Amino acid sequence: MMSVKNKKNILSISLSVFATLFITTLLLLIIGKNPIEIFGLIFQDVFASGYGIGQTLLKATPLIICGCGLAICFHASLFNIGAEGQLNAGSFAMAIIALKMSGLPIYIVLPVSIIFGFIVSGLVGLIPAIIKIKKGVSEVITTIMLNFIVLGIVNYLLLDFFAVKSTMRTEKLADNLLIPKLSEYFELFQGSSLNFTFFIAIILAVAVYILIYKTKFGYKLRAVGFNDTASKYIGIKNNKIILLAFFLGAGITSLVGLNFIMGYKGYFELGFSNNLGFTAIAVTLLAKNNPIGIIFSALLFGILDYGGLTVNQQVPKEIMFVVQALIILSIISIDKIVDNYYKPKK
Amino acid sequence: MNDILTNIFTITFAAQIFRLFTPYYLGASAANFSERGGIINIAIEGFMISSAFSYALFAIVTGNSLLALFMAILINIIFSFFFSLFTVKLKLNHIVTGVGFNLLMAGLSKFLIIFIFNSSSNTPRFEDLPNAPFLKEIPHIGEVVSDYIIIFTIALLFISNYILFKTKFGLRLRSSGENPEAGDSLGIMVRKYKVYGVLISGFLSGLAGAWLAGNQNSYSDGMIAGRGYIALAAMIIGKWKPTNIFFACLMFAFFEALEISIQISGTDIPSQLVQIVPYAITIIVLVAFVAKTKPPAADGIPY
């Protein structure tokens, strides 16, 4: 027997996916394209080959990771719009430390650079938390400003100190430091850069799920998010939770560097994140901040992302930005409409 | 360095400040009208993108800059009506709605610029908005004093103060943002006023975007460059008061003008660091000079 809550969730998520498909179809018709042909192409390229599946999972991996970080903040009603800056700071730090330690074995380099990247991202996340606590300034503004600041600083440090001449990237890590690709073990994914970070992302999602729903900290986190006056009265130290949520949430976003730097390219490159920090907001909202749900919504966005590339000849791939925005707007509005519908009538 | 210092004390530099000030104050006033009615509008950035792009599109297609301005504002008002449907009618979270709208506007313009103009970076060139005759000939400041929108923006200081604090409309708008229950019990159509606030913010941010595109005679991807967010910061630093916001925007414009002259003078300060100045200033001002901020009491709370 399905609970009413689950029924509602499934209904509103499927309705909003349907609404998005509908609007996208209209948009394609308006610009004179054949929607069936476009959707057919996407479906074929994404699902018909191991390469397509691999590339889709590769695109979904950082979205799962970043979404899990955001979910922690969102559960405490902290609107962290700063993931883009946070993840760049941490990934950059991760790459630099790993490069400095080249020559050491992977079981030393990997943990040290992960911890270092995590702390750097976490510290960037603490800035808006502290300003919020001390000055009452909404984290929305400060995280947005910090995006610009952090990206500027990373840009400066990279180009002036660490970049390979006349490129926008660092040197490549030694091969023995890279996370293995799945194609080395499974013939199916031949040519795809899908790597073991994908499994790390899945484990992370499960861990964050447990943290949020099954631990004392998660309970406090949700209490602060639900009603920060009530939480104070049951003895929760709100400020401590805000600091922790921001540190952990921002810190987790640094792990996207594992996928790109250690698992895919082997170096940090300017603009590698390509607005990942913002797309992940959409992914997290679609999943209603549930880490397990984030796996699935990240997969949907991965399909859109890779699918967009495959139809770029017919329609500019940028149409996927529109589709992603439509998904957010439809999920939040339809969710509310479904909610109102199920509410007992007075 | 001396070049920069002598530069600051010129009339041209002052004129430059007012040019940079215009989109900030329009955007900040836009956000303020919305927040005074209790609706947090972080989609100002997106609204500016949408109007800059629509102005460019219609200026190129029709060749008529006034018609383009009208269309840009009209499209923005339609978008802001949808924004009010989400935030007022459906009572959805304002921040989430704002993020969604920002992504939608940015995505639409990225998509359409490639689809229509076949370029991922910028549109062909087009006409600026007409200027006042004669005034334009005045040396140094002609470009500024002959620009109707800049003049309107400066006048907006008085207009906003008057509307918000001296009219019935302003009182009702503010009561919708401070204490909607009280307003409601007095028979004020609170939700209607919230919608008005959002529509005004669509209009003002529409002017800002269209002016920016007109001024640069071309729309380029990313040209709004966070101005909408800086406008929001100016509103917070200005504590939701039109006069204070005016000076906060002047401050941002001053630092941006400084940033530009530093870059032109070709010092060895790295440009990436100069570019983060406005954002860093925002954080520093918020941390160092502003006492605890206090938005309208019911700001962001759906009613």
Review point. Which numbered condition trips up A:LYS220, out of (1) more than 22 Å from the chain's Cα centre (by Cα); (2) modelled with pLDDT of 95 or more; (3) loosely packed, with under 15 Cβ neighbours inside 10 Å?
Key: (3)
Practice item. Could you please let me know if B:SER80 is surrounded by 24 or more Cβ atoms within 10 Å (Cβ to Cβ) and either over 21 Å from B:ALA31 (Cα atoms) or at pLDDT 95 or above (or both)? Key: yes
**Study point:** Tally, over region A:225-243, of residues that are surrounded by 20 or more Cβ atoms within 10 Å (Cβ to Cβ) and modelled with pLDDT of 95 or more
**Key:** 2
Exercise for review: Those residues that are within 21 Å of B:GLY228 (Cβ to Cβ) and either at pLDDT below 85 or of a type in the set (D, E, K, R) (or both), I need them from region B:2-25; list them, please.
Suggested key: B:ARG19
Check your understanding: Of all residues in region A:156-166 being assigned to a helix (DSSP H, G or I) and not charged (D, E, K, R), which is nearest to the other protein chains (Cβ to nearest Cβ)?
Key -> A:TYR156
Practice item. State yes or no: is A:PHE260 within 14 Å of another protein chain (Cβ to nearest Cβ), of a type in the set (Phe, Trp, Tyr) and surrounded by 18 or more Cβ atoms within 10 Å (Cβ to Cβ)? Key: no
Check your understanding: Is there a residue in region B:127-144 that is among the hydrophobic types (A, V, I, L, M, F, W, C), part of a helix (DSSP H, G or I) and under 30 Å from B:ASP221 (Cβ atoms)?
Key -> yes
Check your understanding: Has region B:260-270 got any residue that is more than 30 Å from B:PRO130 (Cβ to Cβ), within 11 Å of chain A (Cβ to nearest Cβ) and touching an Asp or Glu at 6+ places or on another chain (Cβ under 8 Å)?
Key -> yes
Point to revise | Conditions (1) farther than 21 Å from B:LEU26 by Cα; (2) touching a residue at least 60 places away in the same chain (Cβ under 8 Å): number failed by B:ALA56 | key: (1)
Review point. Which residue, of A:LYS172, A:LYS181, is touching a strand residue (DSSP E or B) at 6+ places or on another chain (Cβ under 6 Å), away from every other protein chain (no Cβ under 14 Å) and surrounded by 15 or more Cβ atoms within 10 Å (Cβ to Cβ)?
Key: A:LYS181
Exercise for review: Among the residues of region B:146-155, write down those that are without any contact (Cβ under 8 Å) to a residue 24 or more places away in the chain, part of a helix (DSSP H, G or I) and surrounded by 16 or more Cβ atoms within 10 Å (Cβ to Cβ).
Suggested key: B:ILE151
Exercise for review: Go through region A:309-324 and give me each residue that's among the β-branched types (Val, Ile, Thr) and part of a helix (DSSP H, G or I).
Suggested key: A:THR310, A:ILE319, A:VAL322, A:VAL323
**Study point:** Verdict on A:LEU329 being crowded, with 23+ Cβ neighbours inside 10 Å and facing chain B (nearest Cβ under 8 Å)
**Key:** yes
Exercise for review: Give the residues of region A:100-133 that are within 14 Å of another protein chain (Cβ to nearest Cβ), touching a helix residue (DSSP H, G or I) at 6+ places or on another chain (Cβ under 7 Å) and of a type outside the set (Gly, Ala, Ser), sorted by residue number.
Suggested key: A:VAL124, A:LEU126, A:ILE127, A:PRO128, A:ILE131, A:LYS132, A:ILE133
Check your understanding: For region B:87-103, which residues satisfy the criterion of being facing chain A (nearest Cβ under 7 Å), surrounded by fewer than 24 Cβ atoms within 10 Å (Cβ to Cβ) and assigned to a helix (DSSP H, G or I)?
Key -> B:ILE95, B:VAL96
Point to revise | Every pair of residues 6+ apart whose Cβ atoms lie under 8 Å, when the first sits in region A:135-155 and is within 8 Å of chain B (Cβ to nearest Cβ) and under 18 Å from B:VAL290 (Cα atoms) while the second is among the charged types (D, E, K, R) and not in a helix (DSSP H, G or I) | key: A:LYS135/B:LYS292; A:GLY136/B:LYS292; A:GLY136/B:LYS294
Exercise for review: Can you confirm whether region A:59-73 contains a residue that is within 29 Å of A:ARG222 (Cβ to Cβ), of a type in the set (Val, Ile, Thr) and surrounded by fewer than 16 Cβ atoms within 10 Å (Cβ to Cβ)?
Suggested key: no
**Study point:** Members of region B:196-223 that are more than 24 Å from B:PHE86 (Cβ to Cβ), among the aromatic types (Phe, Trp, Tyr) and not in a loop (DSSP other than H, G, I, E, B)
**Key:** B:TRP211
**Study point:** From the options B:PHE111, B:PHE158, residue that is within 14 Å of chain A (Cβ to nearest Cβ) and assigned to a helix (DSSP H, G or I)
**Key:** B:PHE111
Review point. Would you say B:GLY226 is within 14 Å of another protein chain (Cβ to nearest Cβ), touching a residue at least 24 places away in the same chain (Cβ under 8 Å) and on the phi > 0 side of the Ramachandran plot?
Key: yes
Check your understanding: For region A:310-320, does any single residue satisfy the condition of being more than 13 Å from chain B (Cβ to nearest Cβ) and on the phi < 0 side of the Ramachandran plot?
Key -> yes
Practice item. Please list, ordered by first then second residue, the pairs with beta carbon atoms under 6 Å, 6 or more apart or interchain, first in region B:280-298 and within 10 Å of chain A (Cβ to nearest Cβ) and among the β-branched types (Val, Ile, Thr), second surrounded by fewer than 20 Cβ atoms within 10 Å (Cβ to Cβ) and assigned to a loop (DSSP other than H, G, I, E, B). Key: B:THR293/A:GLY136
Practice item. Answer with yes or no whether B:ILE264 is out of contact with any Leu (no Cβ under 9 Å at 6 or more places or on another chain) and farther than 17 Å from B:GLY38 by Cα. Key: yes
Review point. Does region B:262-271 contain at least one residue that is in contact (Cβ under 8 Å) with a residue 12 or more places away in the chain and surrounded by 16 or more Cβ atoms within 10 Å (Cβ to Cβ)?
Key: yes
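The values are calculated or read from the model by the stated rules, or taken from the named source; none is laboratory data. All figures in this text were calculated on a predicted structure; none of them were measured in a lab. Virtual Cβ from ideal backbone geometry, glycine too; neighbours counted across all protein chains shown.
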